[in-house]
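Here the structure is laid out as structure tokens; the discussion comes afterwards.
Only the coordinates and a few stated rules stand behind these numbers; no lab work does. What you see is a predicted model, and the numbers here were worked out from it, not measured in a lab. When we count neighbours, we look across all protein chains shown, and the Cβ atoms used for this are built from the backbone with ideal geometry, even at glycine.
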Amino acid sequence: MFHKLEINKFLFFELVKRDFKKKYKRTILGMFWSVLSPLMMLSVLAIIFGSFFGSRIEHYIIYLFSGQVIFNYFVEATNEGMLALVSNASIFTKINVPKYLFLFSKNISALINFGIILLIYFVFVVLEGINFSWHFLLLLYPIICLIFINLGIGFLLSALFIFFKDIQYLYRLFTQVVMYGSAIFYSIDILPQNLQTLFYCNPIFVCITYFRSIVLNNTVPNLHLHLLLAGYALVLIGFGCWVYKKYNYKFLYYV
């Protein structure tokens, strides 16, 4: 795979540039939508839920923003990954290129948007009076794990979407369940202990919890959280690659 990436390096970078430019083509604000859209959603959520949970959760805006920035990146990367093969069928049906390049380019484009929003997130952290420490360097760990999670789900969805177009509607419902199960705007402390345990079955919740532990509590998460996040990343990327490789030879017959 890495050898093929090196050979097709020029094509890969051109795909990344194309995907990023295409997203904001013919828009007045351009890439500022990457910042404006989550900030507007943050404002709405803060107004609606701030009166309920704001007094119970310290630095509620950062608490809310931490969940939103992770979840939005997950949704964008996986949704774009699902469409990666179908939207580029006119290319790989005529030219023999590694089809996973299209999935990778979509994920890189989503990662760039995530990086832009993350900068705004850190501006909010400063405005909230939260002190930076060396612990913030550890945020690279959940980000790397999330990249592999997104790629794994992207491999799975892109393969399934070629055969079953209904998967896009099912996945839309699935992301709604993931959102409410990620405790973005509330704390699981208000729930019974047995229900709190179920939240750790959600890798996005685990990633958000890691972020909040570093930024809000200035503490390094325990070993269990590290292993759980790494386990989700390895299992999902492994399963996604297996499904993709198993049905790869059939893609040309269905697109």
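May I ask you to derive the relative contact order of the chain, considering only C-alpha pairs under 8 Å and at least 6 residues apart, and to give it as an integer percent?
27 percent.
Cα axis of helix 203-215 to longest principal axis of the chain: angle in degrees, 0 to 90, nearest 10?
It works out to around 50 degrees.
What FRET efficiency would be calculated for the residue pair LEU234, ILE47, taking the C-beta separation as r and a Förster radius of 30 Å, to the nearest 0.05?
The computed FRET efficiency comes out at 0.15.
Suppose the chain between LEU119 and LYS22 were pulled fully straight at 0.36 nm per residue; how much longer would it get relative to their current alpha carbon spacing?
32.7 nm
Using R₀ = 45 Å, calculate the FRET efficiency as 1/(1 + (r/R₀)^6) where r is the Cβ-Cβ separation of TYR169 and ASN217; round to 0.05. Please report the intermediate quantities before stating the final value.
Working: r = 38 Å, r/R0 = 0.85.
Between TYR169 and ASN217 the formula returns 0.70.
Helix 60-82 against the longest principal axis of the chain: what's the angle in degrees, Cα atoms only, rounded to the nearest 10?
10 degrees
Under a Cβ-only charge scheme (Lys and Arg +1, Asp and Glu -1), can you give me the dipole magnitude of the chain about the Cα centre, in debye to the nearest 20?
Magnitude of the dipole: close to 1100 debye.
Along the charge dipole of the chain, Cβ charges K/R +1 and D/E -1, which of TYR254, LEU173, PHE20 sits furthest on the positive end?
After comparing all options, I get TYR254.
Please determine, in degrees from 0 to 90 and to the nearest 10, the orientation of helix 100-127 with respect to the longest principal axis defined by the Cα atoms of the chain, where the helix direction is its Cα long axis.
Here the helix axis deviates by roughly 20 degrees.
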